[in-house]
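Just below is one structure, and these are the notes that go with it.
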Amino acid sequence: MRTYDLVHRTTYTYEHPVTSSYGRTTLTPRDEPGQVCLDTSLEIDPAPADTAGHTDYYGNRSSYFSVTERHQRLVVTSRSTVEVTREAATPGALPAVDWQEVARSVESGVLAAAAAPEVLVALREMVLPSTHVSRAPEVLAWAQPSFAPGRSLGDVVVDLSHRIRHELAYRTGSTTVHTTQAQLLAQGAGVCQDFAHLMLAALRLHGLPARYVSGYLETRPPAGREKLRGADASHAWVSVWVPGAGWVDVDPTNDQFVDDRYVVLGWGRDYHDVPPLRGVIFAEGRGSRLQVQVDLVPAGSPRFA
Amino acid sequence: MGQTARVTDLLSTPGAASEHRPDWSWLEDPADAPDERDLARARAEAERILANHGVTYGADHPDGEHPWALDPLPVIVDEADWARLDAALTQRAELLDAVLQDVYGSRRLLTDRLLPPTVVVGHPGFLRQVDGLRLPGGRELVLTATDLVRDASGGWCAIADRTQAPSGAAYAMEDRRVTAQVLAGVYRQASIQRLGPFFHAMRLALRDAAPGGAEQPRIVLLTSGPASETAFDQAYLASMLGLPLVEGSDLLVRDGALWMRGLDGAERVDVVLRRVDAEWCDPLDLRTGSELGVPGLVRAVRGGAVSVVNPLGSSVLESPALPAYLPRLARQVLDADLALPSAETWWCGEPASLSHVLAHLEELVLLPTDRSAPGTVPGWTLAARAREQLAAWIAAEPWRWVGQAAVGPDVDRLRSAPGVGSDRPGTSGVGPADLGPRAAVLRTYAVAHAGSYTVMAGGLARVAEGPLVSSAAGAAAKDVWVMQTAPDPAPAEVAEAGVLADELVHGGRVRVAGISPRTAENLFWMGRYAERAEDTVRALRVVADRWDDDHRRPRSTGGRALTVLLDALTPGAVEEPHGSRRQPALRTLLLDRSAPGAVARSLRRLGSAAAAVRDQLSTDTFGPLARVDRALRDERARARGRTGDELDLGAVADGSQVTAGLRPALDRVLDGLHAVAGISAEGLVRDVGWRFLDAGRRLERAQHVVDSVLRTFAQARPAAVEAVLVESLLLTHESVITFRRRYQSGAGVPELLDLLLLDPGNPRSLQFCLDRLREDLAGVPAPGRPTDQRDHLLADVADLAAELDVDAAVGTVAEDGRRARLVESLESMLWRLRAAGDEIERLHFARPGPGQAFEDPWDAADEVAR
């Protein structure tokens, strides 16, 4: 079991005065098997005139705020203490199910219906394309070698994750929210969101339900271990539905199954469902600068802020 | 209003494909049935009335809005037939409501046995952001519309449900008003069920949807704006229901509640009747970047501070796949059989349906479930290759496609006919009253009311030339007469709309008192553009007359005056050289919609401003505007026709074509503009809105009078020339008679200036306009903003006028002939008037620009720092 202190701060600096600002965050870790959020707070500066929180369609903790005070800097700081007991899935221990069997059972609904009606809804939802997860022919062509007939779903997942880690370069700033999977494959570089979306696209194209997970990685690795990619910012990975095992989280950016070094914020179909922060401002002109700071450290460690 | 693919025949003739005339047998004297001549006259009359009411459609189309097409020949439905339909539509609404509640609630119906989950979660109208939200009042589906056709056996068959923000109810009311008027003879004999009760129920439904505690809820209609396809429908519905017509920018969310911006502060809003598609209603939680919505609206709804009708997310019921499952949903939910059949539907997400659809492509209508390309496709119109391509698309993403059986008595005839879609088969030997085998669709409306639904007794029928019914493609509307046997005399539907509004006022509705800055701005600019158009027409009239008299004698007194007047009064017309001689483009200054200062351009902007505040204006306003428009159109056509003739070289050479025929057109336009001015002066309540309208007119006129005097008299001319100029300016400013009465003879420029600038009793004078302008502005609120700048500017103009010694100013002439004192004084006035206009804009109409989305942290990854 590990307990973390989490700080995620986003600072917007505007060139012109902002008269009002409306924001929505998914910055509070949700509780799930293997993870409990012990304490959490969301600070907005300037102080918001209105805030409201609710649990969204996917069960994530969502917060709304509006600032009506004139300002030229907005700081959104989320702090949480999270206890994580998650153990990584091991490929060998996953049920050995043929991926084509899984796709067929999702289509027929037999396995899901045996579980619960809402499981069926979730599975059907997570095989469809979504805002950032396309059904591009380029993805199909790229994914094809991983989907040999008769292969187990676990092996497919391991292979996709491995290929993404080794065939694509991790390069901060190489993509935007508008980059498509086809562009990603063409340029051969991206960030964790892109890798997650690519893996989602490959799985869903083959009828396999998979969802996008937004969260964090431990910032500073224990002594002697390599620092992981994406540890300084919001991180993202994939959760694949494996019959008999449920939703299994895998991080293609670092080619590993998700364990107690990860903290989950929330999940959805893709980035669009769970961006950490989105919003609308009314300002007297355009232009802003954005700074993001993330720190996920063992509880009690010195904090950066 | 969307496109509806269907094949059917005339709605009013169940089971009788060959008989297309309405049944007039109920008339006491069969001879009263309208004959062809009556109908032709009624059509022309209807066209004229609709134009006068400003009834248009499709402002969102590239070529702009076009007139609403109405065929006055009604669709007649007998009482028993309608009673069955009414019950069936009520049941359908109740079922759809139950499905909607479930979809955003427990989702118990989402199983493959009842409603396959993908039908819901794969539809773009399923908005996860509003999951779990509930409307007060017990219903989620408040308004619903259903598109119906007759099937081969003459029964009614549903082909689509409209649950997002159903359009057309107000068009239906307008169709009724017009039809009742142009077919008054038969209308008066008929016992026809009224449309009014539906709108009454709608008002009650909106009240019932208000959040708890709001005893007299404030309700607004959120419009997608004057540039939207059904702008007329939205604005007319708002005025019928007595609701303020607001755009997203008129609203804001603050402290968790929704507010309407007013000139003097914000007012709480309890219920929003939305005509904006849900996805566009909130740029924070729904579609990023939407300028039609209000950021935070979803939050306000979630907090229970405001209700949106229909609720956000209701369009999931529009999935064309849903009808396939309604029969079993009805049995599950209502424990009853579905009373109103839908066109047989196959959702390709089910393997068996997919094979059926692929095997019968050429017989089915294919619809994408998410409005994606290529839209609705009648399978039989596809050539073999296109069919293969479509089959490939469907096979690749089957859940995205629905096959629907074509419905209608004439399906086989239409399908087998060559050239379907372009040609009309089977028209030989058919009289003009025969509609032929066209597609016809009836849109019905239902509103949640008294624990169930109230169905409009009638609806909007649309008839097209081809197999697709689309108002965008020019389908004509028809009124729908639902007969009743009760000896209730036909109501005066013409007055019904007015009565309804009355009823609403006395029904205890809270009037939202203030107008929004956007409305105020549009009224102000209506005033300005109306005046600008009028000023330009008058100037054109004077210049054109002078041209006719004197352009052949440029060195004469009149000729020299003409040169001055062309530059001073119609500067926009003098840029077109013609050979070596300068020939002014006077006609262009009247007709060209894009030429700066042109009358047509001012009128177009006047029309846009009026359309944006239609709910504030009486429908009488649109009649004169339509007349002016017709005058311009006629003159355009005439001018085109003339240049098409053999070119009259003589006329070109002697310049008479510059004004040929122009005068009557100018007179017609001026006539219409006078009517517009008369309605603003006499037909509107003297409220804040009127003050802005009047202020716009006064400011424009003040600028125009100063500007025309400045341009005409800056330079001193020989006395004889100036006498002509004085005469012309008097004509331009309609002050001839006063002038002659006051100054018997020997009056010149100083006297003219006295009358046009300083006379407080002359409604055309600067002084008069200033007085009125200042009076208007004193009566409008400008909360929290100092008005001194605006008031100082106008006071300065008044001071400059007071200090102006006209004799000295006119008499002081420099060596180069320039009247420097006069010029300085008038220029000082002019820039202050312009600055005052800017200041009015800033003070009263300023509102936040469009919202900007937060920069996405993903995009800003370069700047990520620790």
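Here, each number is a calculation from the coordinates, and none is a lab measurement. Everything numeric here is computed off the predicted structure, so don't read it as measured data. So basically every Cβ, Gly included, is an ideal-geometry build from the backbone, and we count neighbours across all protein chains shown.
Relative contact order of chain A, taken over Cα pairs closer than 8 Å and 6 or more residues apart, is 29 percent. At the listed q of 0.14, 0.27 Å⁻¹, the Debye profile of the stretch A:234-305, built from one uniform point per Cα, gives log10 I(q)/I(0) equal to -0.69, -1.36.
Between the alpha-carbon centres of the stretch B:269-297 and the stretch A:12-56 there is a gap of 21 Å.
Contact order normalised by length for chain B, with contacts defined as Cα pairs under 8 Å and 6 or more residues apart; what percent is it?
Working: 1568 pairs, mean separation 135.2, N = 866.
Once normalised by length, the contact order is 16 percent.
Averaged over residues, the count of other Cβ atoms within 10 Å places the peptides B:166-179, B:122-135 in the sequence B:166-179, B:122-135, highest first. For the stretch B:258-275, the Karplus equation 6.51 cos²θ - 1.76 cosθ + 1.60, evaluated at θ = phi - 60°, returns couplings of 9, 10, 9, 5, x, 5, 10, x, 9, 10, 5, 10, 9, 9, 10, 8, 9, 10 Hz by residue, with Gly and Pro reported as x. Residues in the stretch B:105-110 carry Karplus couplings, in order, of x, 7, 6, 6, 7, 7 Hz; the curve used is 6.51 cos²θ - 1.76 cosθ + 1.60 with θ = phi - 60°, and Gly or Pro positions show x.
Here r is the Cβ-Cβ distance between B:Arg385 and B:Glu344 and R0 is 25 Å; the resulting FRET efficiency, rounded to 0.05, is 0.40. Here the simple spin-label model places points 7 Å from the Cα toward Cβ, and for A:Ala299 and B:Asp23 these points are separated by 8.1 nm.
A:Arg225 sits among other residues whose Cβ lies under 10 Å from its own Cβ, and their net charge, with Lys and Arg +1 and Asp and Glu -1, is +1.
When Rg and the Kirkwood radius Rh are both evaluated on Cα atoms of chain B, their ratio Rg/Rh stands at 1.03. For the stretch A:77-150, the set of GluC sites (Glu not before Pro) satisfying both a DSSP loop assignment and a count of at most 13 other C-beta atoms within 10 Å is given as A:Glu87.
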